[in-house]
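The values are calculated or read from the model by the stated rules, or taken from the named source; none is laboratory data. Please read these numbers as outputs of a predicted model, since none were measured by experiment. Glycine gets a Cβ as well: all are built from the backbone with ideal geometry, and neighbour counts include every protein chain shown. With ligands, DNA and RNA removed, areas are computed over all heavy atoms of the protein, side chains included. Shrake-Rupley method; radii C 1.70, N 1.55, O 1.52, S 1.80 Å.
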Amino acid sequence: MKAIQVGLLGIGTVGSGTFNVLQRNQEEIKRRAGRGIEITMVADLDTVRAQQVVGDSVKVVNDARAVIANPEIDIVVELIGGYGIARQLVMEAIEAGKHVVTANKALLAVHGTEIFAAAHRKGVMVAFEAAVAGGIPIIKALREGLTANSIQWIAGIINGTTNFILSEMRDKGLDFDVVLKEAQRLGYAEADPTFDIEGVDAAHKATIMSAIAFGIPVQFDKAHVEGITKLAAQDIRYAEQLGYRIKLLGITKRTPKGIELRVHPSLVPSKRLLANVEGAMNAVVVNGDAVGTTLYYGKGAGSEPTASSVIADLVDITRLHTADAAQRVPHLAFQPDAMSDLPVLPMGEIVTSYYLRLLVADEAGVLARVTGILAGAGISIDAVLQREASEGENQTDLIILTHDCVEARMNDAIAQMQALPTVLAPIIRIRKEELK
Ligand code: HSE
């Protein structure tokens, strides 16, 4: 049978990896897919470099629309990124009846509803394993492997750049700014790392996982997004003394009132496997009612790890493209006419536990007033740590860990504590996930 013809839009790091792995493993991939899969056309603005990557047998153009217009191309792989031209090209490819593979989490998290609706109308597949956690097959696991379950929650380290920075901050006791510069020098962080360090990249990925886990539309605009830029080295140290590590987590949870969808730094008990995921690695923990807790670990970025996911999608499409569209796995795991309207909850309604650091005057009654406010708000304390003040020092750090409470209640309590004259600086609040 004739090989499936693939056109790449963009041949940077992931595109080159995809080309190389497809070449290297072509025989094995063919045995799995049932027919060959060949990249026969590539569009890239740098045609000279692109031609060097793919050699003379592949047609290279500088116009992505030439790939979409080519009737021989069965699958278009979008590796451009962003929501601008990539969105137009994906929509045009769908309209042209092409299946699409994309690694573009930003595009799907923000415009997924429109893209999946168009794909459904045209009876084509849009596959996106590479969009979340790079080489880890988490989309496949959530959508297919765990399909028996009512998924309860997901918590993931889904941004390698920030995990690398947090690991370095903990290992070396350095501040965020120092480690960021070093990460940029070593090529672990982008020249413009905003999306990574502000939590946006992780929130794109969490949004996609949330949709697949709970059968809700992708709703990036409802996600709470908080990065690691304000994290101080001393909080990492205090957390460690209390038996926790701080990780940037993407969290989505089913609750009786709706869905929590949030990205922020979180204390995680040091004994949990997730707390021990170091450097640029990714990991996702999924809890389902039948299976319990499962963990997926691996490289979340990089040329061949991401190519591994892109090619898995190419194989899936190759196997399924002759199947009746209604018999294929739905894009977001649930049938399009059976999506849930469970709301994504505002942050005030989420329930979690907290780490608080207060710089307080070291005098009689301060601890009692602080704990009195928490007790008055019905917030139960789990642990308290007070730094021993140095000789002649009249202030100290008070660290409090709480049990679960509703975030709005914690906001009120923090406002009351902040108003005490003996609380000398803005209170630091970091959420805590026990992941039981
Ligand atoms: N910039 C991402 C990260 C990789 O640091 O994990 C691509 O999603």
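Starting from the Cα of LYS222, draw a straight line to each of the aspartates and glutamates and keep only those under 15 Å, dropping any in the same chain fewer than 8 residues away.
Qualifying aspartates and glutamates at Cα under 15 Å: ASP201, GLU260, ASP341, GLU349.
Whole-Hz Karplus ³J(HN,Hα) for the stretch 104-112, in order, using 6.51 cos²θ - 1.76 cosθ + 1.60 and θ = phi - 60°, x for Gly and Pro?
8, 5, 4, 4, 6, 5, 9, 10, x
Which of these, LEU332, LEU231, LEU248, has the largest mean-square fluctuation under a Gaussian network model of the chain (Cα springs below 10 Å)?
Comparing LEU332, LEU231, LEU248 in a Gaussian network model of the chain, the most mobile one is LEU231.
Non-local amide H neighbours of ILE381 (under 5 Å, H modeled in plane, Pro and chain starts lacking H): which ones?
HIS403
Relative to the Cα centre, what is the charge dipole magnitude of the chain, using +1 at the beta carbon of each Lys and Arg, -1 at the beta carbon of each Asp and Glu, and rounding to the nearest 20 debye? Walk me through the numbers before you get to the answer.
Details: 43 positive and 51 negative charges, 200 e Å.
With only Lys, Arg, Asp and Glu charged at Cβ, the dipole is about 960 debye.
Quick one: compute the contact order of the chain, relative version, from alpha carbon pairs under 8 angstrom and 6+ residues apart, as a percent.
Across the chain, relative contact order equals 16 percent.
To test your reading of the geometry: what angle, between 0 and 90 degrees and rounded to tens, separates the Cα axis of helix 303-320 from the longest principal axis of the chain?
It is inclined by approximately 50 degrees.
Can you list residues from other chains, or at least 5 along the same chain, whose modelled amide H is less than 5 Å from the amide H of GLY199?
ILE228
Across the stretch 430-436, in residue order, what do the Karplus-derived ³J(HN,Hα) couplings come to in whole Hz, using 6.51 cos²θ - 1.76 cosθ + 1.60 with θ = phi - 60° and x for Gly and Pro?
10, 6, 9, 10, 7, 6, 6
What number, rounded to the nearest 500 deg cm²/dmol, is the helix-based mean residue ellipticity at 222 nm of the chain, given -39500 (n - 2.57) per DSSP H run of at least four residues and division by all its residues?
It comes out at -11000 deg cm²/dmol, rounded to the nearest 500.
Report in % the part of the accessible area of the chain that belongs to carbon and sulfur, leaving out ligands and nucleic acids; probe 1.4 Å. All intermediate terms of the calculation are to be shown ahead of the outcome.
Working: 9410 of 18490 Å².
Looking at the chain in its full context, I get 51 percent from C and S.
With the other protein chains left in place, how much accessible area per residue, in square angstrom, belongs to the stretch 301-411 at a 1.4 angstrom probe?
Working: 5190 Å² over 111 residues.
I get 47 Å² per residue for this part.
Below 13 Å, Cα to Cα, which aspartates and glutamates can LYS230 reach? Residues fewer than 8 away in the same chain don't count.
Candidates past the 8-residue exclusion: ASP175, ASP177, GLU198.
Could you order GLU27, GLU38, GLU226, GLU260 by accessible surface area, starting with the largest, using a probe radius of 1.4 Å?
GLU27, GLU38, GLU226, GLU260
Can you find, among VAL179, PRO265, MET169, the residue sitting farthest towards the positive end of the charge dipole of the stretch 138-299, where Lys and Arg contribute +1 and Asp and Glu -1 at Cβ?
The residue sitting most towards the positive pole is PRO265.
Which value, in Å² rounded to 10, gives the accessible area of SER340 with a 1.4 Å probe and all protein chains present?
The value for SER340 is about 40 Å².
Given axes a ≥ b ≥ c from the Cα gyration tensor, I'd like to know whether the chain is rounded (a/c under 1.5), prolate (a/b larger than b/c) or oblate.
Prolate is the answer for the chain, as a/c is 1.5 or above and a/b outweighs b/c.
Where the centre of each part is set by its Cα atoms, how far does the stretch 189-242 sit from the stretch 54-75, in angstrom?
The two parts, judged by their Cα centres, are 36 Å apart.
Give me, ordered by chain and number, the residues 5 or more places off VAL126 or on other chains with an amide H under 5 Å from its own placed amide H.
VAL100
Take the residue pairs LYS140/LYS257; LYS299/LYS432; LYS172/LYS257; LYS140/LYS172 and return only those whose Cα atoms are more than 32 Å apart. Numbers along the way, then the final one.
Details: LYS140/LYS257 27 Å; LYS299/LYS432 25 Å; LYS172/LYS257 42 Å; LYS140/LYS172 37 Å.
In this structure, LYS172/LYS257; LYS140/LYS172 exceed 32 Å between Cα atoms.
What ³J(HN,Hα) values, in whole Hz, does the Karplus curve 6.51 cos²θ - 1.76 cosθ + 1.60 give for the stretch 293-302 when θ = phi - 60°, with x put for Gly and Pro?
With coefficients 6.51, -1.76 and 1.60, one gets 9, 10, 10, 10, 9, x, 7, x, 7, x Hz.
Tell me the angle of helix 366-376 to the major Cα principal axis of the chain, expressed in degrees between 0 and 90 and rounded to the nearest ten.
It is inclined by approximately 60 degrees.
Using Cα centres only, tell me the gap between the stretch 319-391 and the stretch 102-149 in whole Å.
26 Å
Just read off the accessible area of VAL110 with the full protein assembly in place, 1.4 Å probe, to the nearest 10 Å².
About 60 Å², rounded to the nearest 10.
Run the reach check for LYS30 against lysines, Cα to Cα strictly under 19 Å, same-chain hits fewer than 8 apart removed. What comes back?
Counting by Cα, and skipping residues close in sequence, LYS30 has these lysines nearby: LYS2.
Along the charge dipole of the chain, pointing to its positive end and built from +1/-1 on Cβ of Lys, Arg, Asp and Glu, which listed residue (VAL60, PRO137, GLY160) has its Cα farthest out?
PRO137
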